[in-house]
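Chemist: Quick one: the structure is below, and I'll ask about it shortly.
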Amino acid sequence: MIHWYPGHMAKAKREMAQTLSLADVAIEVLDARAPEASRNPDLAKLFAHKPRVVVLNKEDMADPAVSKAWLQHYRAQGAQAVLYCATKSGGNAPILKAIEKAAEPVVARWAARGAVKPVRVMIAGIPNVGKSSLINCLSGKSRTKVGATPGVTRGKQWVRLSPRLELLDTPGILWPKLENREGAMRLAILNAIRDEVLETMEIAAGLIEILQTMAPQAIVNRYGVETEAKPVEEILHGIGKRRGFIVKGGEVDEERAAVNLIDEFRSGKLGRISLEQPKQIDGEKAHETDRI
Ligand code: G4P
């Protein structure tokens, strides 16, 4: 995983701006479990005046009702938004349709000048949201290369998706935004930022607090440990005891319980759980002074 430091970020921004200039439409891949936390607002700035499609990926791991609310949220903003699962085959049709819809004004402008050409699409997002998986799903086996394009960095190719669409086979990697503590916590839980940014115990505590509101039954169902109105340490202690994570002297290994809880959440063993809801976000944006 990439560790962002200012120099690295500046280089990535330059490369991203260069590649974006070659694309007509950008697909913004977000994690359906925390779309706003996994969104980098700089994409909108870098891709100003060009159409974007929002793909809420990993919908198989997100709470379906919350995902529906997110879909409505983005559509209400006028975006082409689609729920997606990049680990299942099929399901490309809604994305292709959304791209064509988003590209309509561009195609109309070209047509007015008498130009007919395929719409060029690129995929962008922060690490681990499923950009590469989505590229594989969309391009499938028919990896028809369109040929070398001047200005595209060596190793990048356009792949024909349909007579009207071409996809860049390399994703644009955006840096995770760390504007507030809640968002950074959700990214850490989703494994989208390095675990060193936040300590394991801190991530586990954040996850437990979110579960207490978003999925109050998840821990009791998985570990048989009640969580209602209980402090985090007591819950981790309970999980460790249940799992038999005992160290020398008979003490419960709470750190191991924390690692286990985070791993099991990330692999979907706790169920389909979302980490944020649309109505929560506006309040947090108003309090972005709590920077990490
Ligand atoms: P990136 O290019 O944005 O960094 O993400 P990438 O496609 O590499 O996907 C990151 C991880 O998320 C991969 O798991 C991938 O399988 C998983 N993933 C992508 N899309 C989905 C989805 O829609 N649903 C689920 N459940 N998982 C998804 P990994 O553990 O890193 O590797 P793997 O061994 O599972 O492939």
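Chemist: Could you list, in sequence order, the residues of the stretch 199-222 that are farther than 29 Å from Ala69 by Cα and either open to solvent by less than 10 Å² (accessible area, probe 1.4 Å) or in contact (Cβ under 8 Å) with a residue 24 or more places away in the chain (or both)?
Modeler: Thr200, Met201
Chemist: Right, Asn57: under 15 Å from Leu134 (Cβ atoms) and within 12 Å of the ligand (Cβ to nearest atom) or not?
Modeler: yes
Chemist: Out of the stretch 65-93, which residues are within 14 Å of the ligand (Cβ to nearest atom) and not in a strand (DSSP E or B)?
Modeler: Residues satisfying the conditions are Ser67, Tyr84, Cys85, Ala86, Thr87, Lys88, Ser89, Gly90, Gly91, Asn92.
Residue-wise test of (1) in a helix (DSSP H, G or I); (2) at pLDDT 95 or above.
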| site | (1), (2) |
| --- | --- |
| Trp175 | no, no |
| Leu178 | no, no |
| Glu182 | yes, no |
| Arg186 | yes, yes |
| Ala192 | no, no |
| Leu211 | yes, yes |
| Ile219 | yes, yes |
| Ala229 | no, no |
| Glu234 | yes, yes |
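Chemist: Arg113 - would you say it is open to solvent by 70 Å² or more (accessible area, probe 1.4 Å), under 18 Å from Val25 (Cβ atoms) and at pLDDT 95 or above?
Modeler: Judged against the criteria, Arg113 is not a match.
Yes/no per residue for (1) open to solvent by 20 Å² or more (accessible area, probe 1.4 Å); (2) within 14 Å of the ligand (Cβ to nearest atom); (3) assigned to a helix (DSSP H, G or I); (4) within 22 Å of Ala184 (Cα to Cα):
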site: Ala12; (1), (2), (3), (4): no, yes, yes, yes
site: Leu30; (1), (2), (3), (4): no, yes, no, yes
site: Arg33; (1), (2), (3), (4): no, yes, no, yes
site: Ala44; (1), (2), (3), (4): yes, no, yes, yes
site: Val53; (1), (2), (3), (4): no, no, no, no
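Chemist: Continuing with the same structure: Given the criterion touching a strand residue (DSSP E or B) at 6+ places or on another chain (Cβ under 6 Å), free of Cβ contacts under 8 Å to residues at least 12 places away in the same chain and over 21 Å from Leu167 (Cβ atoms), identify the matching residue among Arg75, Arg14.
Modeler: Going through Arg75, Arg14 in turn, the sole match is Arg75.
The values are calculated or read from the model by the stated rules, or taken from the named source; none is laboratory data. The shown structure was predicted, so the numbers you read here are calculated from the model rather than taken from an experiment. Cβ atoms come from the backbone with ideal geometry, glycine included; neighbour counts cover every protein chain shown. Keep in mind that these areas ignore ligands, DNA and RNA; they rest on the heavy atoms of the full protein, side chains included. Shrake-Rupley method; radii C 1.70, N 1.55, O 1.52, S 1.80 Å.
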